[in-house]
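This report concerns only the one structure given below.
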């Protein structure tokens, strides 16, 4: 598989810049893998596509306000983008730093609210390791002064409403720097409607990092390496998934991040292992799925690893037919766009 095989035409005006007025007001494209039938409905009817005995798996990660604006001691402006925490104790983080001149190890960056961080060293590639003051509650400060990390294709300033809308209603475990966007369409009422169909709902955690969205820089996909992302699969979730694989119900993954966590944690015998670790699985066509039977997802960027994962699940040709149809029908694309359910 080559990178150029995953390009497609997308008019810029179809890239959603704001969320739908209500979460459930987005559109839903349905894609049946066996028949190739492409359907359309409102996302508010998504419960109709579930069956009694199904299992819905959610990613309960919570997006942190990861964009920080500060200044160097010299007065120059700096933007720090948190990527992931590196140590259990203290506030040592991997981050990206944007400034007129590269930072120097040992230098201080000053932020509003009296917070400072010290640049420790270049961490990996273009990222840095920094250490924040430990004598204040970091996350309380972050919630007050940090900005939500909207993707770069959203060409507007972050609004107050993004703090709520760029977060799922079931977000619990803070640590992501991007939202698991398929989950943005669900409300508490929709989740209850799914349960009412006889569906069990369980959670896992995968802290979405920059690696999920970093561009693929190699032409031969076999040479691409994914960045690692922290994940945790609770015992309850492992038991529920394994019970479905032994029975008749489907395991339905809400989003590509949930899918990556499930497939990374799958054992060779096709069962799911509970526990935590760092997921670095790269799924593209040719991959054989072990656990996921159906997938709810958004529409993804051309040449992205997310698009490749979905193409592996649905079949590349069928997916690109569906994307062409989505363009023709004027679906809204990417994080704040519409959704697709593949089964």
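Nothing in this text is a laboratory measurement; each read-out follows from the coordinates by a stated rule. Values in this document were obtained by computation on a predicted structure and should not be read as measured data. A quick note on method: Cβ atoms are made from the backbone with ideal geometry, for glycine too, and the neighbour counts reach across all protein chains shown.
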Margin query: Just to be sure I understand the curve: with the Debye formula and one point per C-alpha of the stretch 67-145, what is log10 I(q)/I(0) at q = 0.11, 0.17, 0.23, 0.27 Å⁻¹?
Written below: -0.24, -0.59, -1.13, -1.58
Notebook entry, point to check: Across the Cα atoms of the stretch 243-320, what radius of gyration and what greatest pairwise Cα-Cα distance (Dmax) are found, in Å?
Noted result: 12.5, 37
Item checked: Distance in nm between pseudo-label sites at residue 124 and residue 138 (7 Å out along the Cβ direction from Cα) -> 1.7 nm
Notebook entry, point to check: Mean residue ellipticity at 222 nm from the helices of the chain, using -39,500 (n - 2.57) per DSSP H segment of n ≥ 4 over the full residue count, to the nearest 500 deg cm²/dmol?
Noted result: -5500 deg cm²/dmol
Check: Helix 316-328 sits at what angle to the longest principal axis of the chain, using alpha carbons and giving 0 to 90 degrees rounded to 10?
Finding: 80 degrees
Next item on the list: Using label points projected 7 Å from each Cα along Cα→Cβ, tell me how many nm separate residue 225 and residue 196, to one decimal.
Entry: 5.0 nm
Notebook entry, point to check: Normalised by the number of residues in the stretch 67-145, what is the relative contact order in percent for Cα pairs under 8 Å and 6+ residues apart?
Noted result: 26 percent
Checklist line | Alpha-carbon centroid distance for the pair the stretch 287-343 / the stretch 153-185, whole angstrom | finding: 20 Å
Item checked: Euclidean distance of C-alpha centroids, the stretch 222-278 and the stretch 103-145, integer Å -> 33 Å
Notebook entry, point to check: When only C-alpha pairs under 8 Å and at least 6 residues apart count, what is the relative contact order of the stretch 1-112, in percent?
Noted result: 15 percent
Margin query: I need the shape label for the stretch 147-239. Rule: rounded when a/c is under 1.5, else prolate if a/b > b/c, else oblate, with a, b, c from the alpha carbon gyration tensor.
Written below: oblate
Item checked: Relative contact order (%) - criterion: Cα under 8 Å, at least six apart; region: the chain -> 25 percent
Margin query: Taking R0 as 30 Å, what FRET efficiency do you get between residue 217 and residue 100 from their Cβ-Cβ distance, rounded to the nearest 0.05?
Written below: 0.75
Notebook entry, point to check: Order of 14-25, 250-261 by packing, highest average Cβ count within 10 Å first?
Noted result: 250-261, 14-25
